[in-house]
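Asks: Got a structure for you, questions after.
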Ligand SMILES: Cc1ncc(COP(=O)(O)O)c(C=O)c1O
């Protein structure tokens, strides 16, 4: 049942506060400066008058109506919604971190600077890159920053004709958007029958107008780009650079590095791979990491370890400048650092192998029942197609996703990547147990059976949520959030 607004629960005179007796001398307000009349209220604010218990119950109820990874499985593909360990949360709440001010004297913020410096060192070794910047606040922001560096690099070399960025058809939408925002022309690269980059198509598009190829590996079908070394040498041979979209790093951490694959610059999604909470729009963190070629172009300031301790260095003549206020989302950085320290190199490697194992286990359980267009061993995620189901029973990927909500699961990513018709993408992550994966597969297979026997039922799902099925496009384009 939907929860009424606090204003609807309001009863005149009810309150949840109790001020102490006024201890200022009478008439003190006359000593205050007068406020301009246009800033004064003409009538009192209409605020809910409610008791403390009303407020507690209201917000507790609302909290139980939203779904997070702490409530149940969250198998979003391409978005790594893994469990956020409570230890990281506890440490992120230490007052020594939360009460720090970004403008305070650096001699009193050495602990925070050491967290950022050490995190950069760890991320450099996990990715095989030279150094990075923690400023970008999301994956897309990291892409924007990385491409800005690529642009600065070619401008410095006087190669103004490099106006194109190549993006595979399976890429996340933020890739072409970030390229376009940096003023590049976006050129699409086809996928081959296996779902990987079509080498012939790529090579036919490589020339001295290409600035970069953006690629995620494994790609968004959950497939490792086996030809990555040939791809990298072909792009470099034409003078272009390689951008790695690190959204899928959870599949390879501790086992392979983008640096060894030949990438020049990448972003990481700390809010995915490094287990910091996300969803609902933030806060995130999308550090960029670079090799020596692009290091001079990193955002400034850089963090250095000097004889006098950690310091910011602003003397970076080729830097693209600052890309966010202060030093990024510090508490997200801190959580990621705690996660890396707690896991250690063995733990990081184990996390990736379990993520890949879990995805393959689930895929095996589902492949007898669902159409999985790009078969074979997957990495951390895989994509099924509901096209046949739609043709035969009128049931779409969206209907199955909505049905999963009633089964107690967060819906998977739908209709992406766009090269798979009626796509549902699953990424169980390393955090889920075999029992959870079995139960999830059973629910999905149950929904499949039901959609054949009783298609009308699934068309109406979800039934257990405070509001039923929304017109999603309208809800996004015309959000009605006012009272
Ligand atoms: C493959 C891929 N690239 C980039 C992004 C963008 O990351 P963010 O949502 O943090 O901007 C995502 C996230 O959805 C993604 O899945």
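Asks: Among the residues of region 100-112, is there at least one that is touching a helix residue (DSSP H, G or I) at 6+ places or on another chain (Cβ under 7 Å) and closer than 30 Å to residue 196 by Cα?
Replies: No, region 100-112 has no match at all.
Asks: Further question on the same structure: Please state which of the following conditions residue 367 fails to meet, knowing it meets all the rest: (1) surrounded by fewer than 16 Cβ atoms within 10 Å (Cβ to Cβ); (2) under 26 Å from residue 274 (Cβ atoms); (3) over 24 Å from the mean Cα position of the chain (by Cα).
Replies: (2)
Asks: Go over the candidates 111, 142, 146 one by one and state the one that is away from the ligand (no atom under 16 Å from the Cβ) and either in the same structural domain as residue 243 (by TED's automatic domain parsing) or free of Cβ contacts under 8 Å to residues at least 40 places away in the same chain (or both).
Replies: After applying the criteria, what remains is 111.
Asks: State yes or no: is residue 95 farther than 19 Å from residue 340 by Cβ and within 16 Å of the ligand (Cβ to nearest atom)?
Replies: When the stated conditions are applied, residue 95 does not pass them.
Asks: Next question. Which ones in region 211-234 are away from the ligand (no atom under 14 Å from the Cβ) and in contact (Cβ under 8 Å) with a residue 60 or more places away in the chain?
Replies: Of everything in region 211-234, those that are away from the ligand (no atom under 14 Å from the Cβ) and in contact (Cβ under 8 Å) with a residue 60 or more places away in the chain turn out to be 211, 212, 224.
Asks: Can I ask one more? Going by what's in this entry, would residue 71 be described as part of a loop (DSSP other than H, G, I, E, B), within 23 Å of residue 380 (Cβ to Cβ), out of contact with any strand residue (DSSP E or B) (no Cβ under 8 Å at 6 or more places or on another chain) and free of Cβ contacts under 8 Å to residues at least 60 places away in the same chain?
Replies: Against the criterion (part of a loop (DSSP other than H, G, I, E, B), within 23 Å of residue 380 (Cβ to Cβ), out of contact with any strand residue (DSSP E or B) (no Cβ under 8 Å at 6 or more places or on another chain) and free of Cβ contacts under 8 Å to residues at least 60 places away in the same chain), residue 71 qualifies.
Asks: Show me the strands (runs of 3 or more DSSP E) entirely contained within region 282-335 in which 2 or more residues are away from the ligand (no atom under 16 Å from the Cβ).
Replies: 302-306, 309-313
Asks: Still on this structure, I have one more. Checking the condition touching a helix residue (DSSP H, G or I) at 6+ places or on another chain (Cβ under 9 Å) and free of Cβ contacts under 8 Å to residues at least 60 places away in the same chain, which residue from 468, 408 passes?
Replies: One residue alone meets the criteria, 468.
Asks: On to the next question. Tally the residues that are without any contact (Cβ under 8 Å) to a residue 24 or more places away in the chain and part of a helix (DSSP H, G or I), restricting the search to region 74-99.
Replies: Residues that pass the stated criteria total 4.
Residues are listed down the side, and each one gets a yes or a no for (1) surrounded by 18 or more Cβ atoms within 10 Å (Cβ to Cβ); (2) assigned by TED's automatic domain parsing to the domain that holds residue 328; (3) away from the ligand (no atom under 16 Å from the Cβ):
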{"residue": "102", "(1), (2), (3)": "no, yes, yes"}
{"residue": "116", "(1), (2), (3)": "yes, yes, yes"}
{"residue": "120", "(1), (2), (3)": "yes, yes, yes"}
{"residue": "133", "(1), (2), (3)": "yes, yes, no"}
{"residue": "151", "(1), (2), (3)": "yes, yes, yes"}
{"residue": "156", "(1), (2), (3)": "no, yes, yes"}
{"residue": "161", "(1), (2), (3)": "no, yes, yes"}
{"residue": "164", "(1), (2), (3)": "yes, yes, yes"}
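Asks: Determine if region 48-64 includes at least one residue that is at pLDDT below 90, in a loop (DSSP other than H, G, I, E, B) and surrounded by 12 or more Cβ atoms within 10 Å (Cβ to Cβ).
Replies: No: region 48-64 contains no residue that is at pLDDT below 90, in a loop (DSSP other than H, G, I, E, B) and surrounded by 12 or more Cβ atoms within 10 Å (Cβ to Cβ).
Asks: Let me ask something else. For region 236-255, what are the residues that are in contact with a strand residue (DSSP E or B) (Cβ under 9 Å, 6 or more places away or on another chain), touching a residue at least 40 places away in the same chain (Cβ under 8 Å) and more than 16 Å from the ligand (Cβ to nearest atom)?
Replies: Matches in region 236-255: 239, 240, 241.
Asks: Of the residues 286, 254, 222, only one is within 26 Å of residue 351 (Cβ to Cβ), touching a helix residue (DSSP H, G or I) at 6+ places or on another chain (Cβ under 6 Å) and buried (at least 22 other Cβ atoms within 10 Å of the Cβ); which?
Replies: Being within 26 Å of residue 351 (Cβ to Cβ), touching a helix residue (DSSP H, G or I) at 6+ places or on another chain (Cβ under 6 Å) and buried (at least 22 other Cβ atoms within 10 Å of the Cβ) holds for just one of 286, 254, 222, which is 286.
Asks: Moving on to the next point. Taking region 16-46 on its own, how many of its residues are within 23 Å of residue 61 (Cβ to Cβ) and loosely packed, with under 10 Cβ neighbours inside 10 Å?
Replies: 2
Asks: Of all residues in region 256-272 being at pLDDT 95 or above and out of contact with any strand residue (DSSP E or B) (no Cβ under 7 Å at 6 or more places or on another chain), which is nearest to the ligand (Cβ to nearest atom)?
Replies: Ranking the qualifying residues of region 256-272, first place goes to 270.
Asks: Looking at region 317-327, is at least one residue within 18 Å of residue 114 (Cβ to Cβ) and touching a residue at least 60 places away in the same chain (Cβ under 8 Å)?
Replies: For region 317-327, residues within 18 Å of residue 114 (Cβ to Cβ) and touching a residue at least 60 places away in the same chain (Cβ under 8 Å): present.
Asks: Given the criterion assigned by TED's automatic domain parsing to the domain that holds residue 252, more than 27 Å from residue 377 (Cα to Cα) and more than 13 Å from the ligand (Cβ to nearest atom), identify the matching residue among 208, 198.
Replies: 208
Asks: Within region 397-483, considering only helices (runs of 4 or more DSSP H) that don't extend past its boundaries, which have at least 3 residues that are surrounded by 21 or more Cβ atoms within 10 Å (Cβ to Cβ)?
Replies: Output list reads 397-406, 434-453.
The values are calculated or read from the model by the stated rules, or taken from the named source; none is laboratory data. The shown structure was predicted, so the numbers you read here are calculated from the model rather than taken from an experiment. All Cβ positions, even for glycine, are placed from backbone atoms using ideal geometry, and neighbour counts span all protein chains on display.
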